[in-house]
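Report on the following structure.
The values are calculated or read from the model by the stated rules, or taken from the named source; none is laboratory data. In this text the structure is predicted, and so the values were computed from the model without any measurement. Cβ atoms come from the backbone with ideal geometry, glycine included; neighbour counts cover every protein chain shown. Surface areas here come from the heavy atoms of the whole protein model, side chains and all, with no ligands, DNA or RNA. Shrake-Rupley method; radii C 1.70, N 1.55, O 1.52, S 1.80 Å.
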Amino acid sequence: MNAQSPPKRIAIIPGDGIGKEVIPEAVKVLKEAASVFDHPVVLTDFDWGADRYLRDGTTLPGGAVEMFERDFEAILLGAMGDPRVLSNQHAADILLGLRFKLDLYVNARPCVLFDRRFTPLKDRAEEDVNFIVFRENTEGLYVGVGGFFKKGTAEEIATQEDVNTRRGVERIIRYAFEYARNHGLTRVCMSDKSNALTYGHDLWQRVFKQVRAEYPGIDASHQYIDNLLLQMVRDPSQFEVIVTCNLFGDIASDVGAGLIGGLGVAPSANLHPGKVSLFEPVHGSAPNIAGKGIANPMGAILAVGMMFDYFGWLEAAKKIEDAVRTALREDKTPVDLGGSLGTQAIGDFIATRISS
Ligand code: NAD
Ligand code: IPM
Ligand code: MN
């Protein structure tokens, strides 16, 4: 079908902990779906993570950003984080480094309930939990600006700057409205804490008012982040598109994951439209279950679905989603969802459903 188009070049970075267990399953499904739908792909493995960092100090090698921009269309990443690396230096350099240096300003985190049996909310069904969080991904409290003064003394001062730029705030808010318009959605909720953060989030308020005026067909609302998290639990059906800053989006997307069956099923995409982009599950390296073969690979597999969607491979993306939905419906689930299947068995089942 697409035999004429050049192959998509995909970097595979399993990373740490369960990243090394879920990514092979995601790759299995990726290869199966690419083959069934005749989409050419070329995969390249990278062994970056805690083991490599502890061995030779490598985090994000010099020239890596230019290499990704030049030689790749997408990156699939597992997770970064290891109890042996207390500083989390390699995660900051690799994961946050790629988000910042590739300017992946959209962190898209869909919260879609595939099967009502897996929400902890009482009397809620699939149609009640179906929204997407757009998290600003290149600034805010994540920029690493700050420092210590008199560290380790009783007078110690620690600062962490919250950086909000007009350009950064405007492009993520605009992306949320564009996404709504392009997907036939009518509700965009912006969340901030402008009642307390009266400078940085005042900017969010002003930019939101300016941008919403350009989208008269969309019902644009605002909730403070504390109330937003409450409302997500109380009545998630009120949300279609949520847009918020870097830290609040991190927190809101874990709460959202909780509504759909947990971190094991939540995917994400770090995007810069038209440029090499990075796809990963929302979860981390889960050291508490790493090495046991019980991690849920569905979040990583659905991240491949988001990658295919980004490539415009819509039919293949839908097939991946449908296969995960079938696994959930047929109780082909791991322990975190009350089942008994291991990581590999779930990957095998989902891959088989792609070709059937
Ligand atoms: P975590 O997401 O790793 O784990 C939180 C909880 O969810 C744990 O109980 C874990 O067992 C469970 N869980 C997570 N993914 C699961 C899966 N696929 N299947 C079944 N259960 C799953 O978050 P954490 O414990 O706060 O962090 C652990 C490490 O991961 C830290 O070093 C943290 O910095 C890092 N981290 C990395 C990323 C990333 O690379 N994107 C994201 C979050 C956390
Ligand atoms: C995530 C993670 C990261 C973040 C950590 C590992 C820095 O929690 O991707 O959600 O906060 O962005
Ligand atoms: Mn997180």
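Things to note:
- Note on residue 112: accessible area is roughly 50 Å² with a 1.4 Å probe, heavy atoms of protein only.
- Inter-probe distance in nm under a simple model that places probes 7 Å from Cα toward Cβ, at residue 233 and residue 344: 3.9
- Cα centroid separation - the range 4-33 against the range 121-172, whole Å: 28
- Extended-chain gain in nm, criterion 0.36 nm per residue less alpha-carbon gap, residue 31 and residue 66: 10.0 nm
- Local electrostatic count at residue 279 - Lys and Arg +1, Asp and Glu -1, tallied over other residues with Cβ under 13 Å: 0
- Efficiency of FRET between residue 187 and residue 55 - r from beta-carbon atoms, R0 45 angstrom, step 0.05: 0.35
- Count Lys and Arg as plus one, Asp and Glu as minus one, and take only other residues whose Cβ is under 10 Å from that of residue 301; the net charge is then -1.
- Note on surface exposure: 116, 135 rank 116, 135 by accessible area, highest first, 1.4 Å probe.
- Using a probe of 1.4 angstrom and keeping all protein chains present, the accessible surface of the chain works out to 43 square angstrom per residue.
- Per atom type, the chain shows carbon and sulfur on 52% of its accessible surface, probed at 1.4 Å.
- Pairs with C-alpha atoms separated by more than 28 Å, drawn from the list 101/319; 28/292; 28/122; 20/319; 101/318, are 101/319; 28/122; 101/318.
- Residue with peak Gaussian network fluctuation, the chain [Cα springs, cutoff 10 Å], from 84, 212, 171: 84
- Length available on full extension from residue 275 to residue 292: 0.36 nm per residue minus the Cα-Cα distance, which gives 2.5 nm.
- For the set 313, 204, the ranking by accessible area, highest first and with no ligand, DNA or RNA atoms included, is 313, 204 under a 1.4 Å probe.
- Estimated from the Cβ-Cβ distance and a Förster radius of 22 angstrom, the FRET efficiency linking residue 154 and residue 199 is about 0.15.
- Placing dummy labels 7 Å off each Cα toward the beta-carbon, the span from residue 167 to residue 44 is 2.8 nm.
- Charge sum, other residues only, whose C-beta stays under 11 Å from residue 172's C-beta, Lys/Arg counted +1 and Asp/Glu -1: 0
- Accessible surface of residue 226 - all protein chains present, 1.4 Å probe, nearest 10 Å²: 90
- Packing rank of 140-148, 68-76, where each peptide gets the mean count of other beta carbons within 10 Å, highest leading: 68-76, 140-148
- With the whole protein complex present, residue 153 retains an accessible surface near 60 Å², based on a 1.4 Å probe.
- Label-point gap, in nm, between residue 126 and residue 178 - each point 7 angstrom along Cα→Cβ: 3.0
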